[in-house]
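Q: Have a look at this one.
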Amino acid sequence: MGHVTLVGAGPGDPGLLTVKGRQAIEEADVIVYDRLVGPEILALMPNHAEQIDVGKRSSHHPVPQSRINRILLEKAREGKKVVRLKGGDCFLFGRGGEELELLAEHGVEFDVIPGVTSALAAPAYAGIPVTHRDYTSSVHIITGHAKENGELRIDFDALVRHGGTLVFLMSVASTPAILDGLMQAGMRADMPAAMVERGTLPRQRKLIATVGTLAQRMKEERISSPAILIVGTVCALSDRFDWYDVLPLHGVTVVVTRPRQRAGTLTDRLRRLGADVISYPCIETQDIWPNMPVVEALASLEQYSWLVLTSPAGVDTLARLLDAAEMDARNLAHLKIAVIGMGTANKLRERGLRADYIPDVYDSVHLAEGLIRLVREEERILLLRAEIGTPELPALLTQACVSFDDVAIYRTVYRNERSEELADLLAQGMIDCVTFTSASTVYGFVKSLPEDTDLTKCIALCIGQTTQKAAQQAGMKTITAAHATIDAMIERLQAYCAAEDR
Ligand code: SAH
């Protein structure tokens, strides 16, 4: 017999998934998920896991609850580890209880991993503390979902008498009726009220008004689901405690083209600064294996004095190649190691190796210049890098009569489908900039769009000169980092956004 875990996926910001929830997703055989679960969390699903989308609406009819309950039971009976992934918290208006009933009845083991609920997270991201000792000492979470006949099951008198902060979920359609109900029960019309749409997501919008004015404001601003309604004096604190809307990259949409394995830091840092990040990996690196030249080079490492690595991907590939040859870092002990930049150096340190040389400017020309200075006449370099690396490095070494072997250990594979969707976003001016961390990401990006895509409006944020040149050749406008680091790229973007007043 299998096992079912109910997991609350949080309100939208992928960082708000719990550690335990993430572990459960990564270990699942089957994942049954809802409409409100975001793409970044879905991307954590293991490839081999069966993925069942029960949030899809065929002609506006969601998958019936009884069908979902049966899927969970059937999959558990097949002996699978099933994760039932739900938006926010699984028990707060999440029907988690209903889903457990059938499982309990049939003796299926289950557990529950609570999630961060939108009822608390959306106010938090809007600068609204749901309780505050100077204002209110309770918070009530209420569904604004009406019965079939449109009638609300809300005891307005009790809510108004109690005086706590009120949070209404599923209330976009019923907000005018709720606000009326509150006023009829004696709530003052100037009581602060707020609406938070797409809370915790980069395109979050908030409206701060009063019980008397919010319905009209909502209509003007065309607020749509998912959104929550908050009523109470604490809503007045929203501007003072605003921290999310004022993040430096709030409202800025950035496309990250790095390969999936390498995108993490850039994507996370941009998100923490408030940017809306579209993850759009344009290249992937693949080890070249079997690989005779590498086997030969590794078998005769004693002929080399220097090892040169030009990317973090190269470090990972080297580790796999050594392992495949039943070797390890000790076999590199006699070699001095030169790398192109800090990213590669840090990757090496993770593997317990320190770089002996990193150029001041992280590009192949400066790396070549450094090597020409340092490598003695009788010494030989083993250069391990991409199949199609920049020609400058070997050309400069040859010119300076430095002896080396240039061995390809991985190749770059480009995305093979062309994305109409991204081309449309570009054409509509929805994308503020596209980040490029190598010339190959530029080629991959261009190749991934329909041939007639106009790239002249596209702002390319480039890590260095070589990348910039590639982006300019593709017709893009470029802004370039002062140094070839992720930090410097982010600084450049912030400066650009400040100057453009975005
Ligand atoms: N279990 C979920 C709630 C499910 S009911 C939770 O704990 O968050 C669905 C309602 O949740 C939506 O109608 C909306 O009112 C609210 N909601 C979910 N995600 C939201 C978000 N990101 N921003 C604002 N409201 C959200």
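Q: Which shape class, rounded, prolate or oblate, goes with the stretch 286-414 when its Cα gyration tensor gives a ≥ b ≥ c as root eigenvalues, a/c under 1.5 marks rounded, and past that a/b bigger than b/c marks prolate?
A: On the way: a/c = 1.31, a/b = 1.25, b/c = 1.05.
Note, shape of the stretch 286-414 comes out rounded.
Q: Per the Debye formula with a single identical scatterer at each Cα and no solvent contribution, what log10 I(q)/I(0) holds for the stretch 75-174 at q = 0.12, 0.18, 0.21, 0.24 Å⁻¹?
A: Scattering profile of the stretch 75-174, log10 relative to I(0): -0.57, -0.99, -1.14, -1.29.
Q: Would any residue of the stretch 62-85 have its amide N under 14 Å from a label point 7 Å out along Cα→Cβ of Asp111? List them or say none.
A: What the label zone holds, given the 14 Å backbone N cut-off, is 81-84.
Q: Compare the Cα positions of Ile68, Val108, Pro11 along the charge dipole of the stretch 3-116 (+1 at Cβ of Lys, Arg; -1 at Cβ of Asp, Glu; about the Cα centre) and return the one farthest towards the positive end.
A: Ile68
Q: Nearest 20 debye, what's the magnitude of the dipole of the chain about its Cα centre given +1 on Lys and Arg Cβ and -1 on Asp and Glu Cβ?
A: On the way: 53 positive and 64 negative charges, 161 e Å.
Using Cβ point charges on Lys, Arg, Asp and Glu, the chain gives about 780 debye.
Q: Here's a follow-up. Give the cross-link partners of Lys469 among the lysines, using a straight C-alpha distance below 26 Å as the criterion and excluding same-chain residues fewer than 8 apart.
A: Correct list for Lys469: Lys447, Lys457, Lys477.
Q: Would you calculate the volume per residue, in Å³, of the smallest convex hull containing every Cα atom of the stretch 120-241?
A: Output value, Cα hull per residue: 95 Å³.
Q: Calculate for the chain the 222 nm mean residue ellipticity that helices alone would give, adding -39,500 (n - 2.57) per DSSP H run of length 4 or more and normalising by residue count, nearest 500 deg cm²/dmol.
A: -10000 deg cm²/dmol
Q: Mind checking the full-extension length gain between Glu26 and Gln216? Use 0.36 nm per residue of separation minus the Cα-Cα distance, one decimal, nm.
A: Additional length available on full extension: 63.9 nm.
Q: Another one. Carbon and sulfur: what percent of the chain's accessible surface (1.4 Å probe)?
A: Working: 12350 of 24890 Å².
Answer for the chain: carbon and sulfur cover 50 percent of the accessible area.
Q: Pairs of Cα atoms under 8 Å, at least six residues apart: use those to get the relative contact order of the stretch 59-112, whole percent. Numbers along the way, then the final one.
A: Values: 26 pairs, mean separation 21.1, N = 54.
It comes to 39 percent, rounded to a whole number.
Q: Then there is this: Using the Kirkwood radius over C-alpha pairs as Rh, can you work out the diffusion coefficient of the stretch 1-84 via Stokes-Einstein at 25 °C, viscosity 0.890 mPa s, in µm² per second?
A: Numbers: Rh = 13.1 Å.
Translational diffusion coefficient: 187 µm²/s.
Q: I'd like the distance between the alpha-carbon centres of the stretch 314-377 and the stretch 205-243, rounded to an integer number of Å.
A: Centre-to-centre distance over Cα atoms comes out at 55 Å.
Q: Quote the convex hull volume per residue of the stretch 461-502, based on C-alpha atoms, as a whole number of Å³.
A: Convex hull volume per residue, Cα atoms: 57 Å³.
Q: Find the relative contact order for the stretch 415-502 and round it to a whole percent, using C-alpha pairs within less than 8 Å whose residues are 6+ positions apart.
A: Relative contact order for the stretch 415-502 comes out at 24 percent.
Q: For Thr143 and Asp53, what does the FRET efficiency come to when R0 = 25 Å and r is the distance between their Cβ atoms, rounded to the nearest 0.05?
A: Approximately 0.55, to the nearest 0.05.
Q: Oh, and also: Plugging the Kirkwood radius over Cα pairs into Stokes-Einstein for the chain, at a temperature of 4 °C and a viscosity of 1.567 mPa s, what D comes out in µm²/s?
A: Roughly 49 µm²/s, to the nearest whole number.
Q: Cα atoms only, the stretch 1-146: Rg and Dmax in Å?
A: Rg, Dmax (Cα atoms, Å): 16.1, 55.
Q: Also, quick follow-up: Lysine pairs in the stretch 3-116 8 or more apart or on different chains: how many have alpha carbons under 18 angstrom apart?
A: Lysine pairs meeting both conditions in the stretch 3-116 amount to 4.
Q: With unit charges on the beta carbons (Lys and Arg positive, Asp and Glu negative) and the dipole taken about the Cα centre of the stretch 166-248, which residue among Pro248, Thr175, Met191 sits farthest to the positive side?
A: Most positive-ward Cα: Pro248.
Q: Please calculate how many Å² of accessible area the chain carries per residue, with a 1.4 Å probe and no DNA, RNA or ligand atoms counted.
A: 50
The values are calculated or read from the model by the stated rules, or taken from the named source; none is laboratory data. All values reported here derive from a predicted model rather than from experimental measurement. Glycine also receives a Cβ, built like all others from the backbone with ideal geometry; neighbour counts cover every protein chain displayed. With ligands, DNA and RNA removed, areas are computed over all heavy atoms of the protein, side chains included. Shrake-Rupley method; radii C 1.70, N 1.55, O 1.52, S 1.80 Å.
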